[in-house]
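Q: One structure, as structure tokens, below. Some questions next.
Just so it is clear, none of the values below were taken in a lab; they were calculated from the coordinates. As the structure is a computational prediction, the values presented were derived from the model and not from experiment. Every residue, glycine among them, receives a Cβ derived from its backbone with ideal geometry; neighbour counts consider all protein chains shown.
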Amino acid sequence: MPTAAQIANALYGAWRLALFDAGGMSHFERTVSGFWRSFFAVAVVMPLFLLVSAAQMDLIPGIRSEVHYMAIRTLSFIILWLAFPVVISGVVRSLGRDERYIDFIIAYNWSQAVQNLVYLPLLMMILAGLIPAAVAPLLTTAAIAWSLIYTWYVARVALNISPLAAVGIVAIDFLLGTVIMAFSGHRLMGG
């Protein structure tokens, strides 16, 4: 488990990457230990994710029970967090960037924490009615676009790959997330 200082440093590095500053990479512990510790990033955003999930529960018709709903949502979130590094390892190998895989996953995991720390409060404000309904879709679309561009930048910098190859990484991430969330939705509806 990372220390508070390691978490703060990694989040700072991820935030610098979010500002499209490649110097953010210098704030990560780019070792095998740092690789495993980067998966703790899910714990950083889990409380906020659970809060947003609970707030969304009333908006989803036909769920079996609150416990079932929260279990499926939580499991899907964790699977999504763990599946990408497994799936992308073969892609990184095919790009000839094996030596940068650990750097990329470390930066990716911490960048996912930053993305969620931006997106989940926005979603919570929308659900609470603090953002007008007319503006909410625009803000949500902007947040998703920023997230995709941010992931593209992380892939480009951490793997040192071409802009087009980084688009492929983002596409894989997006498709994987779509499949897992679709399956989650199916399970929530009793499928």
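Q: Show me the ranking of peptides 68-74, 103-109 by mean Cβ neighbours inside 10 Å, starting with the highest.
A: Working: 68-74: 16.7, 103-109: 24.1.
Listed from highest to lowest mean packing, they are 103-109, 68-74.
Q: Roughly how many nanometres apart are two label points built 7 Å out from the Cα toward the Cβ at Ile149 and Thr74?
A: Calculated label separation equals 3.6 nm.
Q: What FRET efficiency do you get for Phe183 and Met125 if R0 is 30 Å and r is their Cβ-Cβ distance, rounded to the nearest 0.05?
A: On the way: r = 28 Å, r/R0 = 0.93.
E between Phe183 and Met125, to the nearest 0.05, is 0.60.
Q: Additional query: Could you order peptides 133-140, 90-97 by the average number of other Cβ atoms within 10 Å of their residues, highest first? Could you put the intermediate results ahead of the total?
A: On the way: 133-140: 11.5, 90-97: 14.4.
Per-residue mean Cβ counts within 10 Å order the peptides as 90-97, 133-140.
Q: Is the shape of segment 107-169 best called rounded, prolate or oblate, per the rule: a/c under 1.5 gives rounded, else a/b larger than b/c gives prolate, else oblate, with a ≥ b ≥ c the square roots of the Cα gyration tensor eigenvalues?
A: Numbers: a/c = 5.37, a/b = 2.24, b/c = 2.40.
Note, shape of segment 107-169 comes out oblate.
Q: Contour minus end-to-end for Leu51 and Leu139, with contour as 0.36 nm per residue of separation and end-to-end as the Cα-Cα distance? Can you show the working numbers first?
A: Details: separation 88, 0.36 × 88 = 31.68 nm, distance 2.00 nm.
Computed gain between Leu51 and Leu139 is 29.7 nm.
Q: Whole-Hz Karplus ³J(HN,Hα) for segment 146-162, in order, using 6.51 cos²θ - 1.76 cosθ + 1.60 and θ = phi - 60°, x for Gly and Pro?
A: Coupling constants for segment 146-162: 4, 4, 5, 5, 4, 4, 4, 5, 4, 4, 4, 6, 5, 9, 6, 10, 5 Hz.
Q: With n ≥ 4 as the cut-off for DSSP H runs, can you work out [θ] at 222 nm for the chain, using -39500 (n - 2.57) per run divided by the number of residues, rounded to the nearest 500? Display every interim value, and only then the final one.
A: Details: 7 runs with 143 residues, N = 191.
Estimated from H runs of four or more residues: -26000 deg cm²/dmol.
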